[in-house]
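Worksheet for the structure shown next.
The values are calculated or read from the model by the stated rules, or taken from the named source; none is laboratory data. Note that the coordinates shown come from a computational prediction; the quantities given were computed from them, not determined experimentally. Note that each Cβ is placed from the backbone with ideal geometry, even for glycine, and that neighbours are counted across all protein chains shown.
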Ligand code: GUN
Ligand code: ZN
């Protein structure tokens, strides 16, 4: 089975890696479509790795198989020698030709066996292409037949196998198909979407992906057949698509169309050499038009491929930055159809909630859809369960709170500490206690700039005078209240917050923000820039005593217990159980089978993913018993990792 590993992530999108007999594939990856017939190749396959940095490619085993000469050569030499490449070769099966020409003339077992004999690194089951117009019965048949063939293929093939996901425009069928494919395939290849991509039906594409997504196994690589235009990469990555395959770079080149992440431009309309890609550096766009036809086509194809590769890199960076939604919203400006796709995505945001990270470093509002991102949906959902938040008792404070506004709040408010004070925020009134919590505290939106605000810290004048005893008392009470609130927000199983009253909040003298929560004068939680309390070892012990199992627990397999106790991070394959509400980035307690606390950490995976991935880290250990012995109030040392 595939050894897929998640190295970094943003929601479903992941930076991943898996191995093949011809080397690793780093995802998200673009697999350029290469014609198996050398005379039909616009760019020689060897150049894809050496010039474009694309070691893996995809080709059609069916086109090869149909030509007796090529078939015999491929069987003799193997696909790698035939194409003249050393990297991973993914082969498709022929379902695309069924879509394009109405039929394929090969038995499923024959084309699978052929892919094996020519040494394909990833072979594809011959699926039944489900057209978007398919009736429910027809679409159901595409799922049934594809899964039948996948079962046969799985028992016949030892190497990596791609199982297509079909089902037309029916979300429940997509779900069924994805579930079946997940038990059989190493690569789950969502198919039947080429017409949607060609017709810019991104709302339909979103519904297809929303239907399939919950059933796609997280430990498998996900491929989307036919995603070749760079406007689609960020959008597809949002759903956790790891592999894009593209014939677009040469298909568009043939008709003289230049691809950009912002859309398509006809070469004939180009009057300015505006592209700065590596190719256009040497051969400006304005000079390409004057070339002889074949050279022109190759030049446009090279430009197009540069745009595709750099956009995939941009997507990867956005995943690492936790800024993929922001990139997708920017890319949606390329075409209203993409905005429609994004709206349809936002309507299905419940699908994203299990993998929505605890926090990100920033939240930039870019479009009206920003306010419907899963981060906001989850915040609102948690807020709806928060004790009474009526619209009364509005404070006129700016959020996040500055020392200035903090100084005025206790004066305005919380003597009667049971009154729910709320402040306005971009998502409506929120309890003052939560105004620094992600995404509210991290929010950067246009309204503030509209009012004349700017970036960077605003000058604040801290009142240097000793506060009156009454004012000091009010601040103390307010701090206690905010401490309780933050703990019960982040650790809902603490319940009413009675236990949380044992902790004392400490504010930064510089910013006035809550920075640390102490227990008997020892640091128990540190409040990060995301406004959320993160336990130290002492805080972890307190949580563990206070919240009964399985709350916030990840149970470590006995083989890994000694390592975790020493501060090594926990690998996914050593997770015995994890509470399902665990979100990536959330704080967790690592315990053994008897609920003895071993360490405290931050989840890299969602609870439902832990134990399923056989490679990679599930939880980064941030504190353990030994880390606190030397100096209980110092920051905990970074725990080392080792396999
Ligand atoms: N290429 C484009 N779409 C498809 C599809 O649905 N199945 C397969 N096997 N290949 C494709
Ligand atoms: Zn260019």
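The table for this structure:
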quantity: Residue 216 vs. criteria in contact (Cβ under 8 Å) with a residue 60 or more places away in the chain, over 18 Å from residue 324 (Cα atoms) and either in contact with a strand residue (DSSP E or B) (Cβ under 7 Å, 6 or more places away or on another chain) or crowded, with 24+ Cβ neighbours inside 10 Å (or both); calculated: no
quantity: Residue among 228, 159 that is modelled with pLDDT under 95 and in contact with a strand residue (DSSP E or B) (Cβ under 8 Å, 6 or more places away or on another chain); calculated: 228
quantity: Per-region count, the range 490-506, residues buried (at least 19 other Cβ atoms within 10 Å of the Cβ) and out of contact with any helix residue (DSSP H, G or I) (no Cβ under 6 Å at 6 or more places or on another chain); calculated: 2
quantity: Qualifying residue in the range 577-599 (condition: within 16 Å of residue 623 (Cβ to Cβ) and free of Cβ contacts under 8 Å to residues at least 12 places away in the same chain); calculated: yes
quantity: Every residue from the range 150-161 that is more than 31 Å from the chain's Cα centre (by Cα) and crowded, with 22+ Cβ neighbours inside 10 Å; calculated: none
quantity: Members of the range 174-194 that are in a helix (DSSP H, G or I) and out of contact with any helix residue (DSSP H, G or I) (no Cβ under 8 Å at 6 or more places or on another chain); calculated: 183
quantity: Looking only at the range 100-132, and only at residues there that are within 12 Å of ligand 1 (Cβ to nearest atom) and surrounded by fewer than 20 Cβ atoms within 10 Å (Cβ to Cβ), the one that is nearest to residue 184 (Cα to Cα); calculated: 131
quantity: Subset of the range 541-554 (residues that are within 28 Å of the chain's Cα centre (by Cα) and either without any contact (Cβ under 8 Å) to a residue 40 or more places away in the chain or surrounded by 21 or more Cβ atoms within 10 Å (Cβ to Cβ) (or both)); calculated: 550, 552, 553, 554
quantity: Any hit, the range 249-258, residues being modelled with pLDDT under 95, farther than 25 Å from residue 339 by Cα and within 16 Å of ligand 2 (Cβ to nearest atom); calculated: yes
quantity: Lone qualifier among 173, 196 - being buried (at least 20 other Cβ atoms within 10 Å of the Cβ), away from ligand 1 (no atom under 12 Å from the Cβ), under 29 Å from residue 331 (Cβ atoms) and modelled with pLDDT of 95 or more; calculated: 173
quantity: Residue match in the range 454-475 (condition: at pLDDT 80 or above, surrounded by fewer than 20 Cβ atoms within 10 Å (Cβ to Cβ) and under 24 Å from residue 376 (Cα atoms)); calculated: no
quantity: Residue in the range 580-604 that is modelled with the lowest pLDDT, counting only those that are in contact with a helix residue (DSSP H, G or I) (Cβ under 6 Å, 6 or more places away or on another chain) and within 13 Å of residue 549 (Cα to Cα); calculated: 580
quantity: The listed residue being touching a residue at least 60 places away in the same chain (Cβ under 8 Å), away from ligand 1 (no atom under 16 Å from the Cβ) and over 30 Å from residue 612 (Cβ atoms), out of 256, 263; calculated: 263
quantity: Among (1) more than 14 Å from ligand 1 (Cβ to nearest atom); (2) crowded, with 17+ Cβ neighbours inside 10 Å; (3) under 17 Å from residue 30 (Cβ atoms), the one test that residue 140 misses; calculated: (3)
quantity: Where a residue in the range 61-83 is on the phi > 0 side of the Ramachandran plot and its partner, wherever it lies, is buried (at least 17 other Cβ atoms within 10 Å of the Cβ) and not in a helix (DSSP H, G or I), with Cβ under 9 Å and at least six apart; calculated: 78/118; 78/119
quantity: Residue that is nearest to the chain's Cα centre (by Cα) [pool: residues in the range 268-295 that are within 8 Å of ligand 2 (Cβ to nearest atom) and either within 17 Å of residue 250 (Cα to Cα) or not in a helix (DSSP H, G or I) (or both)]; calculated: 277
quantity: So residue 311, is it surrounded by 15 or more Cβ atoms within 10 Å (Cβ to Cβ), under 30 Å from residue 363 (Cβ atoms), in contact (Cβ under 8 Å) with a residue 60 or more places away in the chain and more than 16 Å from ligand 1 (Cβ to nearest atom); calculated: yes
quantity: So residue 555, is it at pLDDT 95 or above and assigned to a strand (DSSP E or B); calculated: yes
quantity: Those helices (runs of 4 or more DSSP H) lying entirely in the range 24-116 with at least 3 residues touching a helix residue (DSSP H, G or I) at 6+ places or on another chain (Cβ under 6 Å); calculated: 61-66, 68-77
quantity: Residue tally, condition outside any helix (DSSP H, G or I), under 24 Å from residue 24 (Cβ atoms) and within 16 Å of ligand 1 (Cβ to nearest atom), over the range 227-238; calculated: 2
quantity: Test set (1) out of contact with any strand residue (DSSP E or B) (no Cβ under 6 Å at 6 or more places or on another chain); (2) modelled with pLDDT of 95 or more - residue 242 fails condition number; calculated: (1)
quantity: Boolean, residue 68 is modelled with pLDDT of 95 or more, away from ligand 1 (no atom under 16 Å from the Cβ), surrounded by fewer than 23 Cβ atoms within 10 Å (Cβ to Cβ) and over 30 Å from the mean Cα position of the chain (by Cα); calculated: yes
quantity: Unmet criterion (only one of (1) within 16 Å of ligand 2 (Cβ to nearest atom); (2) closer than 19 Å to residue 12 by Cβ) for residue 298; calculated: (2)
quantity: Any hit, the range 568-579, residues being modelled with pLDDT under 95 and farther than 18 Å from residue 486 by Cβ; calculated: yes
quantity: Residue check, residue 571 surrounded by fewer than 21 Cβ atoms within 10 Å (Cβ to Cβ), closer than 27 Å to residue 183 by Cα and in contact (Cβ under 8 Å) with a residue 12 or more places away in the chain; calculated: no
